[in-house]
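A short write-up of the structure that comes next.
The values are calculated or read from the model by the stated rules, or taken from the named source; none is laboratory data. Note that the structure is a prediction, hence the values are computed from the model and not measured. Reconstructed Cβ throughout: ideal geometry from the backbone, glycine too, with neighbour counts over all protein chains shown.
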Amino acid sequence: MNYDAIVIGVSSGGLNAMKIMFSLLPADFSIPIVIVQHIGARSENIWIQLLNDKCNLEIKEADEKEEIEKGKIYIAPSNYHLLIEQDKTFSLTVDERVNYARPSIDVLFETAAEAYQERLIGVVLTGSNNDGSKGIKRIKECGGLTIVQQPDTAESSYMPESAIATIQPDYILPLEEIIKLLIEIDIQK
Amino acid sequence: MSSMQTNEPHSTNKLTENGTDTLNSAYTVRKKAELNILGLLEAINHTYGYDFRDYSEAHIKRRVMNRMAISGIKDITELQAKVLSEEAFASILLQDLSINVTEMFRDPGFYRSIREKVIPILKTYPFIKIWHAGCSTGEEAYSMAIVLQEEGLADRTTIYATDFNQHVLNQGKEGIFSNKLMKEYTANYQLSGGKESFSDYYISDDNNVIMNQSLKNKIVWANHNLVTDSVFAEVNMILCRNVLIYFNRKLQNNVQNLFHNSLINGGVLCLGTKESLRFTDFHDTYAVLDEKQRIFKKKY
C-alpha cells in the first residue's frame, strides 16, 4: 500500500519528540508530514525556525490554500485549526476550540482521513489530554494506517493511552521505532 | 526489545495488498457524500438565499457532520428534508455554518501596527470611512472605535460594521458582552499599545458589560453578504479578518474584487494574520504596509 501523507498529533512533551523525530528523518524522505502541536495562542513560531535548522527536510508553517507537497513538513499555526481539503490543500479556521485546543488534532485527523482515505498514516505521540483519539478512530474507519507512541516511552502517556483505549492501533511503538517504520514505508513506495 | 506490535498480520497485509476493492468503495462513498453536501448547499441557497457553495468544503462538511451528530440525524437526506421543512432548524444550521468566534483587540500586534502605520495615513483625510466586513458580534469594530478615539480621529470617522448574519449584528449593536471576557480583552488592549484604563470604555454589572455610547455612536451596523451583495460604499479602509479563510479560491477572488472596487486609491486593506492576496488576481495591486500583520495599501 502506498501512502500519500502522514498526520501527527503531539501535545505536552512535543518539542523534544519533534527534535528527535526530525533528526532521524533522511533528506530524501518523500511522504509529506503534517503536524498539529498544541501550543499557546500567542506563540510566535520562532521554534519552527529552530527546528528547521536541525532537520534535513524543509519545515514550514502551513498556509491557507497551500498545496501539500512531497518532502515537506507542515506545522499548524497557533490559534487556528488546520484542515485538509479534498484537493490536498490546507484550510485554516478560527472555529471554537475542540478538546480545549486550537489547533486541534482531531480536526486535522478527521479532515485528512476524508481527503486521503486509506492512503493516510496517523500518528499520536506524547501528550496530556485526549485530543487525537476521535481523529485516529476516523483514520482507521477510512482504512488508513494508525500508529501510537508506546505510552511508557512517552514524556506524557495520557494522549497515547487515550488513543489506544479508543481503537486498536496497527502499531504501538517507541518514537525511534515509529520513525524507522515510516522510513521503511517511504522506501517501499 | 520493548516495542509491541498489534495486528501484525493485518499490518503486513496493509503494506502489500493492492487494495483496489476498498479503494473503489471508499471512492464511491466519498463522492456520494460530496454530492449530497453540494445538494444540501444548493437547497439552502435556493430556499433561504444563503450561498455556502463556494465555502471551504472540509469546513462545511465538519460543521454539517457535527450538527447531524448533535441533533441525532442519520444522513444528509434526512438533514436536508428537515432544513427545508423547519425554518427554526434551518436557522440553527445557518448559525453553525457562519463562524462567530471573535475577540476585542484580537492579535494585539495588529492593532499596534494600526496605530503606528495606518493612523498617520488616515490623519491625512478630512473624513474617514471604515468598512469592517464580516464583523460578527462587533468586538473588533469596538476595538477600532477605541483606537480612533485615542488617536483623536473619532469625530471625523464612521465605521460601517457589516455581516450577513442579522442575529450577530443585533448583538453587536447592543454592545453587551460577558464580564468574564474582559480580563483577556484588557490584556489584549494593553499589548496592543493602549494606554488608558480599559474599564473606562464600558459599564459593568455582575455578569455583563455594556460599551460606552460614545463608541456605539461611531458604528453603523448593516446587513451585507460578501458572497451575494455588491459594492457597499466607497471607503478609506477595509478590515476583513478571518472571514476569507472560509472561502475557496474562486470566492476569495470575487470578494477581493469587491474590496478593490470599494477602496479609494491609497486606501488600506487589513486581512487576518494568516490570510493573503497570494492566490488572487489582486496580489500586484497593493503595496505592503505590514507583511506580518497583513496590512496592504491600494496602489494609485
**Request:** Would you tally the residues in the range B:87-114 being surrounded by 21 or more Cβ atoms within 10 Å (Cβ to Cβ), acidic (Asp, Glu) and more than 13 Å from chain A (Cβ to nearest Cβ)?
**Result:** 0
**Message:** I'd like the full set of residues that are assigned to a helix (DSSP H, G or I) and either out of contact with any Ser or Thr (no Cβ under 9 Å at 6 or more places or on another chain) or under 20 Å from residue A:94 (Cα atoms) (or both), limited to the range B:145-169.
**Reply:** B:146, B:150, B:155, B:156, B:166, B:167, B:168, B:169
**Message:** I'd like the residue in the range A:167-189 that is part of a helix (DSSP H, G or I) and of a type in the set (D, E, K, R) and, out of all such residues, is nearest to the other protein chains (Cβ to nearest Cβ).
**Reply:** A:177
**Message:** Exactly one of these conditions fails for residue B:265: (1) in contact with a Lys or Arg (Cβ under 8 Å, 6 or more places away or on another chain); (2) surrounded by 22 or more Cβ atoms within 10 Å (Cβ to Cβ). Give me its number.
**Reply:** (2)
**Prompt:** Does the range B:59-96 hold any residues that are assigned to a helix (DSSP H, G or I) and of a type in the set (Gly, Ala, Ser), and which are they?
**Reply:** B:69, B:71, B:81, B:85, B:88, B:90, B:91
**Request:** Say whether the condition of being of a type in the set (Lys, Arg) and either free of Cβ contacts under 8 Å to residues at least 60 places away in the same chain or closer than 14 Å to residue B:141 by Cβ (or both) is met by at least one residue in the range B:166-174.
**Result:** yes
**Prompt:** In this structure, does residue A:179 turn out to be within 22 Å of residue B:56 (Cα to Cα), within 16 Å of the chain's Cα centre (by Cα) and of a type outside the set (S, T, N, Q)?
**Reply:** no
**Residue in the range B:273-292 that is surrounded by the fewest Cβ atoms within 10 Å (Cβ to Cβ), counting only those that are touching a residue at least 60 places away in the same chain (Cβ under 8 Å) and of a type outside the set (Asp, Glu)** = B:292
**Asked** Which residues, taken from the range B:216-254, are in contact with an Asp or Glu (Cβ under 7 Å, 6 or more places away or on another chain), among the hydrophobic types (A, V, I, L, M, F, W, C) and outside any strand (DSSP E or B)?
**Response** B:227, B:244, B:245, B:251
**Item:** Matching residues in the range A:60-78 - criterion: being out of contact with any Ser or Thr (no Cβ under 8 Å at 6 or more places or on another chain) and of a type outside the set (Phe, Trp, Tyr)
**Value:** A:60, A:61, A:62, A:69, A:72, A:73, A:75, A:76, A:77
**Prompt:** Within the range B:220-273, restricting attention to residues that are more than 14 Å from chain A (Cβ to nearest Cβ) and small (Gly, Ala, Ser), which residue is nearest to the chain's Cα centre (by Cα)?
**Reply:** B:222
**Message:** Being over 17 Å from residue A:174 (Cβ atoms), within 14 Å of chain B (Cβ to nearest Cβ) and crowded, with 24+ Cβ neighbours inside 10 Å is the filter here; which residues of the range A:122-152 pass it?
**Reply:** A:122, A:135, A:136, A:139, A:144, A:145
**Prompt:** Which of the residues belonging to the range A:153-166 are in contact (Cβ under 8 Å) with a residue 12 or more places away in the chain and either within 20 Å of residue A:37 (Cβ to Cβ) or within 10 Å of chain B (Cβ to nearest Cβ) (or both)?
**Reply:** A:153, A:154, A:155, A:156, A:157, A:158, A:159, A:160, A:162, A:163, A:164
**Request:** Search the range B:112-136 for residues that are closer than 28 Å to residue B:166 by Cβ and pair each with any residue that is among the acidic types (Asp, Glu) when their beta-carbon atoms are under 7 Å apart and the residues are at least 6 apart or on different chains.
**Result:** B:132/B:140; B:134/B:163; B:135/B:163; B:136/B:163
**Message:** Looking for something crowded, with 24+ Cβ neighbours inside 10 Å and farther than 26 Å from residue A:67 by Cβ - is there at least one such residue anywhere in the range A:102-116?
**Reply:** no
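Residue by residue, here is whether (1) of a type in the set (A, V, I, L, M); (2) modelled with pLDDT of 95 or more; (3) in contact with a Pro (Cβ under 7 Å, 6 or more places away or on another chain); (4) part of a helix (DSSP H, G or I) holds:
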| site | (1), (2), (3), (4) |
| --- | --- |
| A:78 | no, no, no, no |
| A:86 | no, no, no, no |
| A:103 | no, yes, no, no |
| A:137 | no, yes, no, yes |
| A:140 | no, yes, no, yes |
| A:148 | yes, yes, yes, no |
| A:162 | no, yes, no, yes |
**Message:** Any residue at all in the range B:268-283 that's of a type in the set (S, T, N, Q), in the same structural domain as residue B:171 (by TED's automatic domain parsing) and modelled with pLDDT of 95 or more?
**Reply:** no
**Request:** Can you work out which of the residues in the range A:53-77 that are at the interface with chain B (Cβ under 10 Å from one of its Cβ atoms) and under 15 Å from the mean Cα position of the chain (by Cα) is surrounded by the most Cβ atoms within 10 Å (Cβ to Cβ)?
**Result:** A:62
**Complete:** Of (1) assigned to a strand (DSSP E or B); (2) within 7 Å of another protein chain (Cβ to nearest Cβ), residue A:96 fails just (1)
**Item:** Residue in the range A:20-40 that is touching a residue at least 40 places away in the same chain (Cβ under 8 Å), buried (at least 18 other Cβ atoms within 10 Å of the Cβ) and among the hydroxyl-bearing types (Ser, Thr, Tyr) present
**Value:** no
**Request:** Scan the range B:25-58 residue by residue and report those that are at the interface with chain A (Cβ under 8 Å from one of its Cβ atoms), assigned to a helix (DSSP H, G or I), modelled with pLDDT of 90 or more and in contact with a helix residue (DSSP H, G or I) (Cβ under 6 Å, 6 or more places away or on another chain).
**Result:** B:58
